[in-house]
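These notes are about the structure you will find just below.
The values are calculated or read from the model by the stated rules, or taken from the named source; none is laboratory data. Bear in mind the structure is a predicted one, so any value in this text is a computation, not a measurement. Every residue, glycine among them, receives a Cβ derived from its backbone with ideal geometry; neighbour counts consider all protein chains shown.
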Amino acid sequence: MNDALTLSWSQAQAAGRERTYRRTLAVNLGLNVILGLVLLVAPVWFAGLLGLGAAEPAAWFRLWGVALIFLAALYAAGLMLPTETRVPNLVGIGERTVTGIVCLVAGGGFLLLGLYFVLFALLLLVGYYRLFQAELATRP
Amino acid sequence: MSEARAVWVKRHTWIVRLGIVVNFAFVIPLMLFPEWILALFKLPPEASLWVRFAGLLLGLLSIFYVPATVDIDRYRIVAWLAVFPSRTAGALFFGAAVLLHGHPPGFLVAVLVDASFALASLYCLLQIVRIERNGA
């Protein structure tokens with residue numbers, strides 16, 4: 001019998017894909033928290049770095065920072081139990097896609113942010129899809 | 001599920017849902033009519049893109065509250081995270097912005113909204129936990 005037809009092989013595949021998805025998500029959430037802290041602590045510096053010219057953007061930039069950190073915290077359930085808590089994971093992928101598209105449409109200095117959000121949305125979407133394919137295969 | 005627990009779960013669900021609706025009462029004008037809402041709360045005019053983006057993030061944050069209203073047992077951690085840090089830190093952030101950093105008092109509306117919903121949903125969650133611990 002082919003190894004790929006055994007339940008243990010399918011379970012190992014699912015576990016591997018879950019690890020990959022969780023690592024990708026953890027990296028993304030870590031980066032979001034760092035981005036949020038930078039926005040919170042040094043908003044004017046960050047605006048200058050990306051060329052987001054605004055006379056006094058500090059208050060609203062800080063608000064973005066706080067919101068990004070909160071979003072990362074609310075995602076914690078999705079990170080800990082990705083297959084059991086589907087909604088936060090799916091909402092999170094949608095959220096990154098929408099944020100990324102808004103940034104790309106805004107253009108200028110937002111392009112980099114847009115690419116960052118869209119890239120992780122795609123990585124997480126593919127990772128989550130593959131995880132569910134493997135997870136379903138463990139339940140013959 | 002005991003009747004008392006069911007009552008508190010229902011109350012929690014409606015409070016969180018109301019909080020989401022109230023959030024969206026800010027999200028929609030922040031995204032579509034930023035100048036109008038800034039003027040309404042006597043906040044200084046800013047480049048509208050920053051304000052719209054803040055509205056978008058608030059909307060996305062609010063959507064994350066939904067799972068706890070659908071199945072509080074499966075998404076219990078989301079219900080707690082909506083209180084700590086989300087609503088609580090939101091109230092602290094805006095409170096500190098106004099009281100410590102001299103931002104306009106219009107931001108106190110956010111303190112009022114976040115603190116009210118944090119306290120109300122926290123009370124419901126504590127009641128649910130109390131009933132569960134008593135084995136009712």
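Can you give me the number of residues within the range A:63-93 that are without any contact (Cβ under 8 Å) to a residue 24 or more places away in the chain and more than 8 Å from chain B (Cβ to nearest Cβ)? Count: 2. What are the residues in the range B:94-115 that are of a type in the set (A, V, I, L, M, F, W, C) and either buried (at least 17 other Cβ atoms within 10 Å of the Cβ) or over 30 Å from B:Lys10 (Cβ atoms) (or both), if any? Those that are of a type in the set (A, V, I, L, M, F, W, C) and either buried (at least 17 other Cβ atoms within 10 Å of the Cβ) or over 30 Å from B:Lys10 (Cβ atoms) (or both): B:Phe94, B:Ala96, B:Ala97, B:Val98, B:Leu99, B:Leu100, B:Phe107, B:Leu108, B:Ala110, B:Val111, B:Val113, B:Ala115. On the stretch given as the range B:84-96, residues that are more than 18 Å from B:Phe26 (Cβ to Cβ), facing another protein chain (nearest Cβ under 9 Å) and among the hydrophobic types (A, V, I, L, M, F, W, C) total 1.
Determine whether A:Leu71 is under 27 Å from B:Tyr75 (Cβ atoms) and within 14 Å of the chain's Cα centre (by Cα). Judged against the criteria, A:Leu71 is a match. Of note, B:Leu38 does not satisfy the criterion of being in contact with a Gly (Cβ under 7 Å, 6 or more places away or on another chain), modelled with pLDDT under 95, in a helix (DSSP H, G or I) and surrounded by 19 or more Cβ atoms within 10 Å (Cβ to Cβ). The numbered conditions (1) assigned to a loop (DSSP other than H, G, I, E, B); (2) farther than 17 Å from B:Ile15 by Cβ; (3) in contact (Cβ under 8 Å) with a residue 12 or more places away in the chain are all true for B:Arg52 except (1).
For the range A:110-140, what are the residues that are closer than 13 Å to A:Gly16 by Cα and within 13 Å of the chain's Cα centre (by Cα)? Correct list: A:Gly127, A:Tyr128. Tell me which residues, restricted to the range A:15-40, are at pLDDT 90 or above, hydrophobic (A, V, I, L, M, F, W, C) and within 29 Å of A:Gly100 (Cα to Cα). Selection gives A:Leu25, A:Ala26, A:Val27, A:Leu29, A:Leu31, A:Val33, A:Ile34, A:Leu35, A:Leu37, A:Val38. One residue stands out among those in the range A:82-140 that are buried (at least 19 other Cβ atoms within 10 Å of the Cβ) and either hydroxyl-bearing (Ser, Thr, Tyr) or part of a loop (DSSP other than H, G, I, E, B) (or both): the one that is modelled with the lowest pLDDT, which is A:Thr85. The set of residues in the range A:16-33 being surrounded by 13 or more Cβ atoms within 10 Å (Cβ to Cβ) and of a type in the set (A, V, I, L, M, F, W, C) consists of A:Leu25, A:Leu29, A:Leu31, A:Val33.
Out of B:Arg11, B:Arg5, B:Arg17, one residue alone is more than 13 Å from chain A (Cβ to nearest Cβ), surrounded by fewer than 21 Cβ atoms within 10 Å (Cβ to Cβ) and in contact with a Cys (Cβ under 8 Å, 6 or more places away or on another chain). It is B:Arg11. Residue count for the range B:116-126 under the criterion of being under 14 Å from the mean Cα position of the chain (by Cα), among the hydrophobic types (A, V, I, L, M, F, W, C) and surrounded by 18 or more Cβ atoms within 10 Å (Cβ to Cβ): the result is 4.
Scanning the range B:97-117 for residues that are at the interface with chain A (Cβ under 10 Å from one of its Cβ atoms) and assigned to a helix (DSSP H, G or I) yields a total of 3. Remark: pairs (first residue in the range B:59-83, within 21 Å of B:Val111 (Cβ to Cβ) and more than 8 Å from every other protein chain (Cβ to nearest Cβ); second residue among the polar types (S, T, N, Q) and in a helix (DSSP H, G or I); Cβ separation under 7 Å; 6+ apart in sequence or on different chains) = B:Ser62/B:Asn23; B:Val83/B:Ser121.
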